[in-house]
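A.B. asks: Submitted below is the structure of interest, expressed as structure tokens.
The values are calculated or read from the model by the stated rules, or taken from the named source; none is laboratory data. As the structure is a prediction and not an experimental result, all values here were calculated from the model. Reconstructed Cβ throughout: ideal geometry from the backbone, glycine too, with neighbour counts over all protein chains shown. For the accessible areas, the whole protein counts, side chains as well, though only heavy atoms, and no ligand, DNA or RNA atoms are used. Shrake-Rupley method; radii C 1.70, N 1.55, O 1.52, S 1.80 Å.
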Amino acid sequence: MSENIVVLGCQWGDEGKGKVVDRLAENVELVIRFQGGANAGHTVRIGDETFILHLLPSGILREGVECLLGGGVVVDPWILCEEFDTLAARSIDAESRCNISGSAHLVMPYHKRLEELRELGLNRKSIGTTGRGIGPAYEDKMARMGVRVCDLTRPDDALRRLIIEKTLRANRLLAERHEAAPLASEALADEIVGFAHRLRPRIVSSFAFLEDVREGRKRTLLEGAQGTLLDVDLGTFPYVTSSSCAIGGAMTGTGLSPKHLGKIVGVFKAYCTRVGNGPFPSELHGDGAEELRKRGKEFGATTGRPRRCGWFDAVAARYAAEVNGLDEIVMTKLDVLSGMEKIDVAVAYEIDGERREMFTNWTEELGRAQAIYEQHDGWDADLSKLENFKDFPAETRAYVRRIEELVRVPIRVVCTGPGRDRWVERSAG
Ligand code: IMP
């Protein structure tokens, strides 16, 4: 099997993939982000410093590691260049190590404007998006109307004409659907030409670029954003993001085949969170939710919104494990559960009076699901001080073992704090 690694979020995003990728990128030469855009918020703590990346792969924080934004990504050039500049100000040269697939699509200001107006119009039925224009950018891609990164390599005049044409089209939509003011097409075209000048040296044809990966000469990590339950096909539609966050995206978003993917690692938090709207069967309300939110500092890295919090949902977790074909699991934030007297795990749902152990992504139905819990004893120890899993309290080990049994995939690592070193590999126990 190929030695490459795919890292996938397996809940509703925010599982702590940033830290996991940073850690696993230690031994790789290339990290590829394959879907999503600046809606992600990957937090990595290195020593006393905290980095939050939205578009660049977390692997960029490893010195010497090269990165690729794959064709499945939607690239907001304003945010990309801002991330380059912010990292440069902290002495990290990301720009010269970042490559961008020419097949990726651009997120334009009119995408954000259209999304904002649409969400306002939907009121309580809104998706609760991150407001980064992701949905409309993917809509333009599927409608075969988008602007691709390779278009930035056209001569300046041709690029200007293309951007003006696309903006005028978006302006018509803004006027017809929302009676909204137009965007200044000429000024926007000038800005995009400016980005083209800066980004052209970074644009690659990913088929050629990935030759070394296909030939097994470059050890690679593929970094997913968001999580399986937000996948546009496999998630809780329509309360999903507009990309393929599950394993399929690793192929369509790069052009690599299943043969080249290697080990598939799923990241789960030791409990569940969700931002935005949509069903969440093991959600806690009131004081219980507040306590988890406070302990786990569960506020969105992109929007600052408080995350909805709940118990680990083993029904949804097994679904994510199966559809992605996980080889192993990294469980993050186990330390957050320390000090809780009792810890619940959802082991089945009751839907319309019937017990169900199979997950459903029929959203109406999932919205009626009541979680059936199994209760576990909590533990008090400060896990962040422990180096060996066998020294963990018996209750913690029992909790991890039970989840592994329910999900049917080995939990190889548990994380016990935000730092790079809070990473406990499991041997026996
Ligand atoms: P969008 O991706 O901005 O279109 O948002 C669609 C849904 O996905 C909303 O519920 C967002 O809150 C959620 N979402 C998007 N990106 C992330 C993420 O990185 N973490 C968690 N939720 C996300």
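A.B. asks: Would you point out which residue out of L221, L210, L162, L229 is outside the structural domain of W12 (by TED's automatic domain parsing) and either within 28 Å of the chain's Cα centre (by Cα) or more than 30 Å from P306 (Cβ to Cβ) (or both)?
C.D. replies: Criteria check complete, one pass: L162.
A.B. asks: Still on this structure: Give the residue, chosen from L114, L56, that is among the hydrophobic types (A, V, I, L, M, F, W, C), over 24 Å from A170 (Cα atoms) and open to solvent by less than 20 Å² (accessible area, probe 1.4 Å).
C.D. replies: Testing whether each residue is among the hydrophobic types (A, V, I, L, M, F, W, C), over 24 Å from A170 (Cα atoms) and open to solvent by less than 20 Å² (accessible area, probe 1.4 Å) leaves just L56.
A.B. asks: Right, something else. Quick one: in segment 228-239, of everything that is open to solvent by less than 40 Å² (accessible area, probe 1.4 Å) and in contact (Cβ under 8 Å) with a residue 60 or more places away in the chain, which residue is farthest from the ligand (Cβ to nearest atom)?
C.D. replies: T228
A.B. asks: Got at least one residue in segment 310-328 being among the small types (G, A, S) and assigned to a strand (DSSP E or B)?
C.D. replies: yes
A.B. asks: Select from segment 347-368 the residues that are of a type in the set (D, E, K, R) and in a loop (DSSP other than H, G, I, E, B) and list them in ascending order.
C.D. replies: Result: D352, E357, R368.
A.B. asks: Could we say that G249 is in contact with a helix residue (DSSP H, G or I) (Cβ under 9 Å, 6 or more places away or on another chain), assigned by TED's automatic domain parsing to the domain that holds H42 and under 30 Å from E66 (Cα atoms) here?
C.D. replies: no
A.B. asks: Which of the residues spanning segment 77-98 are of a type in the set (F, W, Y) and open to solvent by less than 50 Å² (accessible area, probe 1.4 Å)?
C.D. replies: F84
A.B. asks: Is there a residue in segment 305-315 that is within 16 Å of the ligand (Cβ to nearest atom), closer than 28 Å to V213 by Cα and either in contact (Cβ under 8 Å) with a residue 60 or more places away in the chain or buried (at least 17 other Cβ atoms within 10 Å of the Cβ) (or both)?
C.D. replies: No.
A.B. asks: Looking at the structure I just gave you, is I46 modelled with pLDDT under 95, open to solvent by 10 Å² or more (accessible area, probe 1.4 Å), within 16 Å of the chain's Cα centre (by Cα) and not assigned by TED's automatic domain parsing to the domain that holds R408?
C.D. replies: no
A.B. asks: Also, quick follow-up: Pairs needed: first member in segment 291-304, over 17 Å from T129 (Cβ atoms) and open to solvent by 30 Å² or more (accessible area, probe 1.4 Å); second member anywhere, more than 16 Å from the ligand (Cβ to nearest atom) and not polar (S, T, N, Q); C-beta distance under 7 Å; at least 6 residues apart or different chains.
C.D. replies: Final answer for the pair search is R295/V336.
A.B. asks: Might you let me know whether segment 248-264 holds any residue that is part of a loop (DSSP other than H, G, I, E, B), within 16 Å of the ligand (Cβ to nearest atom) and not hydroxyl-bearing (S, T, Y)?
C.D. replies: yes
A.B. asks: Can you give me the number of residues within segment 348-366 that are free of Cβ contacts under 8 Å to residues at least 12 places away in the same chain and open to solvent by 20 Å² or more (accessible area, probe 1.4 Å)?
C.D. replies: 4
A.B. asks: Pull up segment 6-27, narrow it to residues that are more than 15 Å from the ligand (Cβ to nearest atom) and open to solvent by 10 Å² or more (accessible area, probe 1.4 Å), then point me to the one that is farthest from G417 (Cα to Cα).
C.D. replies: Only one residue tops the list, namely N27.
A.B. asks: Here is a check on your reading of the model: is V345 surrounded by 15 or more Cβ atoms within 10 Å (Cβ to Cβ) and under 17 Å from E283 (Cβ atoms)?
C.D. replies: Yes; evaluated as a whole, the condition is true for this residue.
A.B. asks: Right, another one. Taking I127 as the residue in question, decide whether it is near the ligand (Cβ under 10 Å from one of its atoms), open to solvent by less than 50 Å² (accessible area, probe 1.4 Å) and assigned to a loop (DSSP other than H, G, I, E, B).
C.D. replies: Against the criterion (near the ligand (Cβ under 10 Å from one of its atoms), open to solvent by less than 50 Å² (accessible area, probe 1.4 Å) and assigned to a loop (DSSP other than H, G, I, E, B)), I127 qualifies.
A.B. asks: Follow-up. Assess whether D140 counts as being among the acidic types (D, E), within 16 Å of the ligand (Cβ to nearest atom) and farther than 17 Å from I79 by Cα.
C.D. replies: Criteria met by D140.
A.B. asks: Do you know which residues across segment 130-148 are under 20 Å from the mean Cα position of the chain (by Cα) and surrounded by 16 or more Cβ atoms within 10 Å (Cβ to Cβ)?
C.D. replies: Answer for segment 130-148, where residues must be under 20 Å from the mean Cα position of the chain (by Cα) and surrounded by 16 or more Cβ atoms within 10 Å (Cβ to Cβ): T130, R132, G133, I134, G135, P136, A137, Y138, K141.
A.B. asks: With respect to the numbered conditions (1) among the aliphatic types (A, V, I, L, M); (2) in a helix (DSSP H, G or I); (3) without any contact (Cβ under 8 Å) to a residue 60 or more places away in the chain; (4) over 21 Å from R200 (Cβ atoms), which one is the sole condition not fulfilled by M145?
C.D. replies: Single failed check for M145: (2).
A.B. asks: Related question: Kindly establish whether A180 is surrounded by fewer than 21 Cβ atoms within 10 Å (Cβ to Cβ), more than 29 Å from the chain's Cα centre (by Cα), of a type in the set (A, V, I, L, M, F, W, C) and in a loop (DSSP other than H, G, I, E, B).
C.D. replies: Yes.
A.B. asks: Still on this structure, I have one more. From the set of residues in segment 369-405 that are in contact with a Phe, Trp or Tyr (Cβ under 9 Å, 6 or more places away or on another chain) and assigned to a helix (DSSP H, G or I), which is most open to solvent (accessible area, probe 1.4 Å)?
C.D. replies: Across segment 369-405, the extreme among qualifying residues is E395.
Okay, residues lined up against (1) surrounded by fewer than 21 Cβ atoms within 10 Å (Cβ to Cβ); (2) at pLDDT 95 or above; (3) away from the ligand (no atom under 16 Å from the Cβ); (4) not in a helix (DSSP H, G or I):
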| residue | (1), (2), (3), (4) |
| --- | --- |
| C150 | yes, yes, yes, no |
| A170 | no, yes, yes, no |
| A187 | yes, yes, yes, no |
| E191 | yes, yes, yes, no |
| F195 | yes, yes, yes, no |
| F207 | yes, yes, yes, no |
| D212 | yes, yes, yes, no |
| K218 | yes, yes, yes, yes |
| Q226 | no, yes, no, yes |
